[in-house]
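Beneath this line is the structure, given in structure tokens, with notes to follow.
Values quoted throughout were computed directly from the atomic coordinates according to the rules given, and no laboratory measurement underlies them. Nothing here was measured: the structure is a model prediction, and the numbers come from that model. Here the Cβ positions follow ideal geometry from the backbone for every residue, glycine too, while neighbour counts run over all protein chains shown.
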Amino acid sequence: MEIRQYFNEGLLTLAIEGDLDAASSIEMDNVIKAAYVGQKYHILINCKLLNYISSAGLGVFISYLEDFKAQRGSFVFFEMNEEVYGVFELLGLHNIFNIVKTETEAKNLLNT
């Protein structure tokens, strides 16, 4: 897995490429923790090149959800393929996390 980070207009975008599984979830946890410590509470997650997400990968986002909400922040996922969306849906996480089709929609959601 590779995570590319972009910070623009007060929003941190994480572009994930590959598989977010038990082995790579530690790296994702470190990136999310650094964002939180750095007071970057609005995070866009570009899933265009995310092939697979495991329960360990999902657990990283779930574990920080309340911390970010307490700071009026959030995660917004976009450009998610059907397979990855299916995992979110199967676990009911599509009702907890914001998932939109495009980066523009993601930015608009955070700017409202």
Debye, to nearest 20: dipole size of the range 47-112, +1 on Lys, Arg Cβ, -1 on Asp, Glu Cβ: 200
Point-to-point label distance, ASN81-ASN108, nm (Cα→Cβ direction, 7 Å offset): 2.6
Gained length - ASP21 relative to SER63, 0.36 nm times residue gap less alpha-carbon distance: 13.6 nm
In the range 2-39, the GluC sites (Glu not before Pro) that fall in loop regions by DSSP, at most 15 other Cβ within 10 Å: GLU9
Coarse-grained scattering of the chain at q = 0.12, 0.18 Å⁻¹, given as base-10 log I(q)/I(0) from a Debye sum over alpha-carbon atoms: -0.35, -0.85
Pairwise Cα inverse-distance average, inverted: Kirkwood Rh of the range 48-112 (Å): 12.4
Peptide ranges 50-61, 93-104 listed from the most packed, as the mean C-beta count within 10 angstrom indicates: 50-61, 93-104
